[in-house]
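Participant: If you scroll down you'll find the structure; I have some questions about it.
What follows draws every value from the coordinates through simple rules; no lab data is involved. Nothing here was measured: the structure is a model prediction, and the numbers come from that model. Backbone-built Cβ (ideal geometry, glycine too); neighbour counts: all protein chains shown.
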Amino acid sequence: MPLFAAALGATEILTGLIVAVSPFTGVLLKPFFGMLSDRSGRRIWLLISLIIFLVTPFLYQFISTPEALFALRLFHGFATAIFGPVSLAYVAELADENRATRLAIFGMARALAAFGAPLCAGFALTYFKPEKVFVLIGFMSLAAAVPLIILHENNVLAAKKKQSFSFHALASIRLSLQTTGIWLAGFLEFLVFLVAYAVKAFLPFFIMSQEGGTVLQAGIFFSIQEGVHIIFRPIGGRVADKKGYGVALFLGLIMLAVGLATLPLMAELMILSAAIILGFAQAMVLPASVALLAAETQTGHRGAGMGFYGALRNMGKVGGPVITGALLTAFTFSSVFYGYAVLVAFVAIAVRMRLKYPTI
């Protein structure tokens, strides 16, 4: 996307807006689409998101200005704003038992896609222009139609259809705002993605500023981190199901704090250790947080709850680089990430005190 925007003559600021507009769309619209899926069913909204995912990539070849690209990215963001909360609500409602493990496996599939996409895109961009790569993406997206065709509706909608739209919307908003589990899970996702995207944005600069630091080291760091996250995510979900969400969240947050504190030490072995620890931390926290949300959200309003949760997560993605960039104008890299480590450790203790689940 940045390459395509630059080829169209976009400035640095406009390029940043073009890249960020899709997750920002989710911040605004995920709760709304989640609520609509509570009322009319998950399957229809998953089909709508699929249609947008299928159609939009073919439109990039007709884009000739940065402003038009921004508008199309805004429209493309509707697909993720729908798919995120609706798919999570669907998976969460399949059954009550082993919910964290099931959500962890679902998240692992999403993480595998995110892990492989940059490599596939880099390979494709060596042979094709960006707009042609989007056409290939459109054809590849057709495969997503197969599972959706055989997907069955697992939500009870009769009671919701008897309510007026405004009454249901107000009830969803009120329950979402009053449910502490939504705010807790959403805040934890916000915190995890804030520090994760801060690391993604600024760790490469820190590594290259050190003696002997290279871009390759940064690439290896992120590959190891994401690889550990993907492999051990189902284990994190299993721990949450067997030992309690509070235990999994506490362990994951403590590991996150340790990983952040290890980052500024820079030695090759320490950087490798930090990547492994941060990957474990994500694998432990993320399945437990979304399972906690599903458990504490009232049946019939899980879509709206997942929407609020997803909005907070997207705020972390957007806010991580922005907040950290502002802090780095006044403090050193080490000071900022030590500060993040202390904050995360404090939150870990607060979460353990808040969630009275069985201990190890």
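Participant: From the gyration tensor of the Cα coordinates in the range 212-315, what semi-axes in whole Å does the equivalent ellipsoid have, largest first, with each one equal to sqrt(5λ)?
Facilitator: Over the Cα atoms of the range 212-315, the semi-axes work out to 30, 15, 11 Å.
Participant: How far apart, in nm, are the 7 Å Cα→Cβ label points at LEU170 and PHE205?
Facilitator: According to this spin-label approximation, the distance is 4.8 nm.
Participant: I would also like to ask the following. Could you estimate the translational diffusion coefficient of the range 176-354 from the Stokes-Einstein equation, with Rh from the Kirkwood formula over C-alpha pairs, at 37 °C and 0.692 mPa s, in whole µm²/s? Numbers along the way, then the final one.
Facilitator: Working: Rh = 16.5 Å.
For the chosen part, D equals 199 µm²/s.
Participant: A further question on this structure: What full-extension length gain, to one decimal in nm, is calculated for ALA114 and MET140 as 0.36 nm per residue of separation minus the Cα-Cα distance? Don't skip to the answer; put the middle values down first.
Facilitator: Numbers: separation 26, 0.36 × 26 = 9.36 nm, distance 1.49 nm.
Additional length available on full extension: 7.9 nm.
Participant: So, one more: Give or take rounding to whole Å, what are the principal axis extents of the alpha carbon atoms in the range 2-162, in descending order?
Facilitator: Taking max minus min along each principal axis of the Cα atoms, the range 2-162 gives 52, 31, 25 Å.
Participant: Please work out how many pairs of lysine residues in the chain are eight or more positions apart (or on different chains) and have Cα atoms closer than 24 angstrom.
Facilitator: Details: LYS30/LYS160; LYS30/LYS161; LYS30/LYS162; LYS30/LYS317; LYS200/LYS317; LYS242/LYS356; LYS243/LYS356.
Close lysine pairs found across the chain: 7.
Participant: If R₀ is 56 angstrom, what is the calculated FRET efficiency for the pair ILE231 and PHE62, using the beta carbon separation as r and rounding to 0.05?
Facilitator: Values: r = 41 Å, r/R0 = 0.72.
My answer for the efficiency is 0.85.
Participant: Moving on. Output the peptides 18-24, 34-40 sorted from most to least packed, where packing is the average of other Cβ atoms within 10 Å over each peptide's residues. Display every interim value, and only then the final one.
Facilitator: Numbers: 18-24: 18.9, 34-40: 24.6.
Peptide ranking by packing, descending: 34-40, 18-24.
Participant: 222 nm [θ] for the chain, helices only, -39500 (n - 2.57) per DSSP H run of 4+, per residue, to 500?
Facilitator: Numbers: 15 runs with 298 residues, N = 360.
About -28500 deg cm²/dmol.
Participant: Which helices pass in the chain if a helix is a full DSSP H run, must span at least 30 angstrom along its long axis by Cα, and must have mean Kyte-Doolittle hydropathy not below 0.0?
Facilitator: Values: long enough: 12-40 (41 Å, 1.00); 66-92 (39 Å, 1.19); 99-125 (39 Å, 1.17); 180-209 (42 Å, 1.77); 215-243 (40 Å, 0.44); 268-296 (42 Å, 1.78); 302-328 (38 Å, 0.49); 333-354 (31 Å, 1.51).
Helices meeting the criterion: 12-40, 66-92, 99-125, 180-209, 215-243, 268-296, 302-328, 333-354.
Participant: Compute the normalised compactness of the chain: alpha-carbon radius of gyration over 2.2 N^0.38 Å, N being the residue count. Please list the in-between numbers first.
Facilitator: Numbers: Rg = 20.6 Å, N = 360, 2.2 N^0.38 = 20.6 Å.
Ratio of Cα Rg to 2.2 N^0.38 Å: 1.00.
Participant: Next up: Packing-wise, with mean Cβ within 10 Å as the measure, how do 125-134, 185-194 rank, highest first?
Facilitator: Working: 125-134: 15.1, 185-194: 23.8.
The densest-packed peptide leads the list: 185-194, 125-134.
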